[in-house]
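Presented below is the structure to which this report refers.
The values are calculated or read from the model by the stated rules, or taken from the named source; none is laboratory data. Only a predicted model underlies this, so the values are computations on that prediction, with no experimental measurement involved. Please note: Cβ atoms are built from the backbone with ideal geometry, for glycine as well, and neighbour counts cover all protein chains shown.
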Amino acid sequence: MEENLNTPVSGSYDENSIQVLEGLEAVRKRPGMYIGSTGERGLHHLVYEIVDNSIDEALAGYCDKITVELLDDGIIRVTDNGRGIPVGINPQKGIPTVTVVFTILHAGGKFGGGGYKVSGGLHGVGASVVNALSSWLEVEVSDGKNIYKQRYEKGNIVTDLEIIGTTDKTGTVVTFKPDPTIFTDTTTYDYDTLLTRLREQSFLNAGIRVALVDKRTDVYEPKSDEFYYEGGIRSYVEFLLEGIKKERLNNEVIYLSGEKQDESAEIALIWSTAYDNKIMSFANTLHTIDGGTHEQAFRQTVARVVNKYAHDFKKLKVDSDNLKGEDIMEGLVAVVSVKLSDAQFESQTKAKLGNTSIGTLVRNIVNDKLYQYLEEHPNEAKIVIEKAIAASNAREAAQKARDASRNKAGIGGKTRMPEKLTDCISDDPTKTEIFIVEGDSAGGSAVEGRNSTYQAILPLWGKMLNVEKARDDKVYGNDKLTPVIVALGTGIGENFDIEKLRYDKIVIMADADVDGSHIRTLLLTFFFRYMPQLIETGHIYLAQPPLYRVSKGKKHFDAFTDEEKAKYIEELGGTADVQRYKGLGEMDPDQLWETTLNPEVRTMLRVTMSDAALADETFTMLMGEEVEPRKQFIEENAVFATDLDI
Ligand code: TSJ
């Protein structure tokens with residue numbers, strides 16, 4: 001049949017089209033049934049619904065560019081360079097296929113071709129729903145010869161499918177305006193919401209170019225983004241890793257995949273230095289926010305494989321010990337993407353996958369291929385296991401501390417303070433100071449030398465710790481830190497409440513030697529992980545006991561560094577008596593007051609978040625097996641703090 005410009009492709013409408021209109025009327029009556037909600041989510045869902053069709057065309061291998069444009073007046077335009085929706089007459093309906101797509105409910109997938117086979121949940125309900133919920137919608141199809149166009153209003157056909165021009169290109173353009181009488185909350189699209197979703201789709205469908213262009217003149221500056229990820233979900237994991245700003249523990253993203261019958265699974269993962277995990281799962285490119293069989297299988301099997309490897313290669317101290325799943329998951333960044341023909345979605349939000357067979361597939365892939373990866377990368381395996389052990393120790397320490405801070409209430413509901421705390425007289429938390437002191441003897445001098453009105457002293461350990469003898473996890477894992485938590489009064493973790501802080505300044509007072517550095521690392525790590533707000537609000541300080549006293553006659557200076565010592569000697573005419581201060585434990589109370597406690601003369605360093613983060617890194621590293629590098633590291637990093645505060 002010869003088709004001319006502006007000639008209807010089909011004749012006027014018969015009983016079929018009346019049926020059509022009835023179908024879409026149901027969508028307008030109960031929109032929530034078809035798109036979940038008529039709020040902001042539903043509004044955005046319209047775009048995804050259209051874009052999904054272009055992605056299907058890309059997956060079928062006929063399209064490599066999709067563009068989404070935001071236009072004024074709430075109008076959206078989606079363009080692809082696929083084959084174009086077929087314009088020929090559909091034999092069953094007697095009208096053009098493209099018209100079927102837009103006017104008959106659930107038309108998607110029912111009309112031949114390679115696309116549309118993946119659908120589930122709200123996905124794939126199709127273009128007709130979008131059409132029904134739009135004030136108007138226009139489709140333009142280029143088939144390499146002609147450009148066809150049809151217009152609809154509220155789902156009703158208002159123009160026949162007409163040829164409006166000629167072209168040597170192929171593709172589909174759909175332009176629509178969501179109906180404000182349906183989307184009563186808002187008809188304003190959020191650029192970033194669309195951006196996130198389109199980026200996600202680009203990751204999950206490697207090699208497709210997706211552009212988002214904001215052309216609205218009324219509200220925003222014009223802006224645009226374009227995605228193209230050759231690496232697929234590997235790129236996704238890299239992207240997530242960048243987002244959390246943590247270091248990687250594996251050299252590269254681990255990629256596992258497999259398929260069986262009509263099911264396939266792809267997994268990309270990497271461990272990082274983060275304390276939580278980020279595991280994103282997808283079924284047929286839909287984000288399964290509530291997880292499901294595929295995600296659960298992944299989590300369980302990663303834990304099982306790491307444990308099995310740790311046992312097989314004797315990486316755990318006690319044979320019977322198993323690392324907990326949550327500790328193995330710490331720092332894990334992963335994307336699990338499965339494809340299956342008959343996806344079953346559970347839960348209210350339809351965002352949880354229910355198919356059991358896909359769980360089996362994921363389990364088999366992770367069991368075989370992750371184990372193999374660990375075998376082939378023993379250094380990475382070691383780091384992953386050490387990280388899990390560190391997580392386990394930290395978790396246990398936190399639990400103990402939490403228990404301690406819950407059981408602390410004494411008579412009359414007043415908190416019973418730790419026995420070792422010598423408190424100050426004032427209870428004005430804007431003026432008081434607490435010195436956390438290393439060792440009992442230093443504690444004794446500090447108690448005598450302090451200003452008892454506003455300075456409290458808490459000795460931490462009975463005797464100095466020896467780095468080589470006391471494993472960090474032992475120190476960290478027992479309840480030695482409980483008195484600190486109780487004395488501060490704030491509680492820790494999610495129970496932390498800065499309003500309950502009992503002191504203005506929390507001063508860590510330890511020697512400038514290896515043991516002192518060790519204690520600073522432990523305390524800073526603890527504050528960083530469980531009371532970061534104390535650091536953020538500038539309450540944590542490091543006392544700076546001087547290293548030398550430089551004196552000549554009646555004049556004397558305290559020097560905190562070798563450079564300072566040299567400077568003072570110079571100032572005193574080139575010769576002076578130099579006395580090296582011994583440890584805090586050997587200072588008498590007056591000396592301690594004069595050099596370290598007295599606000600008039602002392603030097604203290606206020607700890608910043610980056611200091612504490614560094615301590616935390618150090619700590620994680622200290623969890624390692626070998627003593628020598630640990631000791632060396634401590635010596636090289638004996639000083640942490642920066643901001644001077646006198
Ligand atoms: F469905 C829709 F209207 F929402 C929509 C579909 C919107 C947009 C922007 C694009 C598309 C779309 C559909 N792009 N490409 C296609 N391809 C087909 O519909 C198509 C073309 C040819 C054949 C074939 O078997 O020859 C099969 C199909 C499914």
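Quick rundown of the values:
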{"item": "Selection from the stretch 48-93 of residues that are touching a Lys or Arg at 6+ places or on another chain (Cβ under 6 Å) and basic (Lys, Arg)", "result": "65"}
{"item": "Of the criteria (1) at pLDDT 95 or above; (2) crowded, with 17+ Cβ neighbours inside 10 Å, which one residue 116 fails", "result": "(1)"}
{"item": "Residue match in the stretch 621-635 (condition: at pLDDT 55 or above, farther than 19 Å from residue 507 by Cβ and within 26 Å of the chain's Cα centre (by Cα))", "result": "yes"}
{"item": "Selection status of residue 141, within 14 Å of the ligand (Cβ to nearest atom), over 28 Å from residue 236 (Cβ atoms), of a type in the set (Val, Ile, Thr) and at pLDDT 95 or above", "result": "yes"}
{"item": "Residue within the stretch 512-533 that is at pLDDT 90 or above, within 45 Å of the chain's Cα centre (by Cα) and surrounded by fewer than 21 Cβ atoms within 10 Å (Cβ to Cβ) present", "result": "yes"}
{"item": "Count of the stretch 285-307 residues which are among the hydroxyl-bearing types (Ser, Thr, Tyr) and either farther than 14 Å from residue 355 by Cα or free of Cβ contacts under 8 Å to residues at least 40 places away in the same chain (or both)", "result": "2"}
{"item": "Residue, farthest from the ligand (Cβ to nearest atom), within the stretch 66-91, restricted to residues that are touching a Gly at 6+ places or on another chain (Cβ under 7 Å) and outside any strand (DSSP E or B)", "result": "81"}
{"item": "Counted residues, the stretch 262-298 - those being part of a loop (DSSP other than H, G, I, E, B), touching a helix residue (DSSP H, G or I) at 6+ places or on another chain (Cβ under 6 Å) and farther than 13 Å from residue 200 by Cβ", "result": "2"}
{"item": "When residues of the stretch 336-358 are limited to those that are among the aliphatic types (A, V, I, L, M) and within 23 Å of residue 277 (Cβ to Cβ), the one surrounded by the fewest Cβ atoms within 10 Å (Cβ to Cβ)", "result": "351"}
{"item": "Subset of the stretch 564-591 that is of a type in the set (A, V, I, L, M, F, W, C) and not in a helix (DSSP H, G or I) - its residue that is modelled with the lowest pLDDT", "result": "587"}
{"item": "Residue 333 vs. criteria over 30 Å from residue 534 (Cα atoms), surrounded by 21 or more Cβ atoms within 10 Å (Cβ to Cβ) and either at pLDDT below 95 or not acidic (Asp, Glu) (or both)", "result": "no"}
{"item": "The one condition in (1) in contact with a helix residue (DSSP H, G or I) (Cβ under 8 Å, 6 or more places away or on another chain); (2) under 30 Å from residue 138 (Cβ atoms); (3) among the basic types (Lys, Arg) that residue 169 fails to fulfil", "result": "(1)"}
{"item": "Identity of the residue in the stretch 24-37, of a type in the set (Gly, Ala, Ser) and outside any helix (DSSP H, G or I), that ends up nearest to the ligand (Cβ to nearest atom)", "result": "36"}
{"item": "Residues satisfying the stated conditions in the stretch 152-167, i.e. surrounded by fewer than 18 Cβ atoms within 10 Å (Cβ to Cβ) and either at pLDDT below 95 or under 46 Å from the mean Cα position of the chain (by Cα) (or both)", "result": "153, 156"}
{"item": "Contacts under 8 angstrom Cβ, first residue in the stretch 62-89 being closer than 14 Å to residue 191 by Cβ, partner charged (D, E, K, R) and within 11 Å of the ligand (Cβ to nearest atom), 6 or more apart", "result": "68/77; 69/77; 71/77"}
{"item": "Qualifying positions in the stretch 482-511 - free of Cβ contacts under 8 Å to residues at least 24 places away in the same chain and either surrounded by 23 or more Cβ atoms within 10 Å (Cβ to Cβ) or touching a Ser or Thr at 6+ places or on another chain (Cβ under 9 Å) (or both)", "result": "497, 499, 500"}
{"item": "Test result for residue 555, without any contact (Cβ under 8 Å) to a residue 12 or more places away in the chain, out of contact with any Ser or Thr (no Cβ under 6 Å at 6 or more places or on another chain) and not aromatic (Phe, Trp, Tyr)", "result": "no"}
{"item": "Residue that is nearest to residue 202 (Cα to Cα) [pool: residues in the stretch 38-63 that are within 12 Å of the ligand (Cβ to nearest atom) and assigned to a loop (DSSP other than H, G, I, E, B)]", "result": "63"}
